[in-house]
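The values are calculated or read from the model by the stated rules, or taken from the named source; none is laboratory data. Every value quoted in this text rests on a predicted model; they were computed, and no experiment measured them. Note: ideal-geometry Cβ built from the backbone for every residue, glycine included; neighbour counts use all protein chains shown.
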Amino acid sequence: MSTPFRAVAIDGPAASGKSTVAKRLADSLGLIMVNSGAMYRAVTWQILQEGVDPSDPAAVVTALTDMEIIGGVEDGLSTITINDRLLSEELRLPAVNQNVSKVAAVPEVRECLVAMQRAYLEDNDLVMEGRDIGSVVFPETPFKIYIDASEEVRAARRSKDGEADAVAARDQQDSQRKTSPLVIPDGATVIDSSDLTIEETVKATCQALLARGWED
Ligand code: DC
């Protein structure tokens with residue numbers, strides 16, 4: 001029997017620091033890092049490109065049916081290509097920030113992207129970060145971390161990055177949607193990063209994984 005690949009699930013609200021922590025962790029453990037939010041952002045960007053109303057779930061589903069979405073890996077990081085266009089900088093545009101929660105609330109969008117996310121584990125040990133990784137994508141993994149930070153700290157981090165992003169509004173929508181809302185997954189270790197440096201947060205995450213039986 002082949003060894004099952006292992007998944008570290010990192011969830012948390014917007015700008016909690018989870019992407020940076022997930023990347024550092026993946027580098028130090030030799031895993032790939034999969035950014036699931038980038039997939040929801042990519043679909044949102046494409047919807048906006050096509051002039052589709054992101055508030056109209058039926059129109060979003062119709063547009064989704066025509067998209068060719070391909071997830072890849074480059075230099076240990078997940079990539080996302082839609083209709084042959086590799087997306088990167090576009091994903092952080094203010095219009096994407098404003099509309100991504102609406103698109104991510106559409107069950108068919110989630111179904112499609114969750115299947116892509118699970119497929120990454122067929123070939124790789126990985127760290128995946130998002131909102132429903134420990135609760136829905138890999139509920140069976142013992143390696144579940146939830147990274148939190150106060151609303152003030154998260155808003156300050158985003159504006160320091162020079163990004164216009166109403167994190168509180170986005171969190172509210174992400175926590176209140178019907179399908180796979182942002183939750184603390186059952187059994188996850190919660191790390192509040194409000195008063196921690198990135199290094200301290202990574203260290204606390206590593207300690208939690210070791211306590212959960214992670215072996216190199
Ligand atoms: O992690 P991020 O801020 O780049 O995510 C962008 C949006 O995508 C977030 O507001 C909600 C959605 N998302 C989601 O619904 N489920 C995930 N696993 C990851 C992101």
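For the reader, a short list of remarks on this structure follows.
- Any hit, region 92-104, residues being outside any helix (DSSP H, G or I) and within 25 Å of Glu215 (Cβ to Cβ): no
- Single unsatisfied condition, Ala15 versus (1) at pLDDT below 95; (2) part of a helix (DSSP H, G or I); (3) under 19 Å from Glu89 (Cα atoms): (2)
- Only residues that are within 13 Å of the ligand (Cβ to nearest atom), surrounded by 19 or more Cβ atoms within 10 Å (Cβ to Cβ) and polar (S, T, N, Q) were counted in region 144-202, giving 1.
- For region 31-82, the strands (runs of 3 or more DSSP E) that sit wholly inside it and include 2 or more residues that are without any contact (Cβ under 8 Å) to a residue 60 or more places away in the chain and more than 16 Å from the ligand (Cβ to nearest atom) are 69-74.
- Glu215 being more than 13 Å from the ligand (Cβ to nearest atom), surrounded by fewer than 18 Cβ atoms within 10 Å (Cβ to Cβ) and within 16 Å of Gly12 (Cβ to Cβ): no
- Pairs meeting the criteria (first residue in region 122-147 and under 13 Å from Ala188 (Cβ atoms), second residue more than 11 Å from the ligand (Cβ to nearest atom) and charged (D, E, K, R), beta carbons under 6 Å, at least 6 apart or on different chains) are Gly134/Lys144; Pro142/Arg212; Phe143/Arg212.
- Subset of region 18-30 that is within 15 Å of Ile147 (Cα to Cα) and away from the ligand (no atom under 11 Å from the Cβ) - its residue that is surrounded by the fewest Cβ atoms within 10 Å (Cβ to Cβ): Thr20
- Residues of region 158-215 that are more than 29 Å from Leu29 (Cα to Cα) and of a type in the set (Lys, Arg): Arg170, Arg177, Lys178.
- Single residue of Leu121, Leu113, Leu126 found to be at pLDDT 90 or above, of a type outside the set (Ser, Thr, Tyr) and either more than 25 Å from Ala26 (Cβ to Cβ) or within 12 Å of the ligand (Cβ to nearest atom) (or both): Leu113
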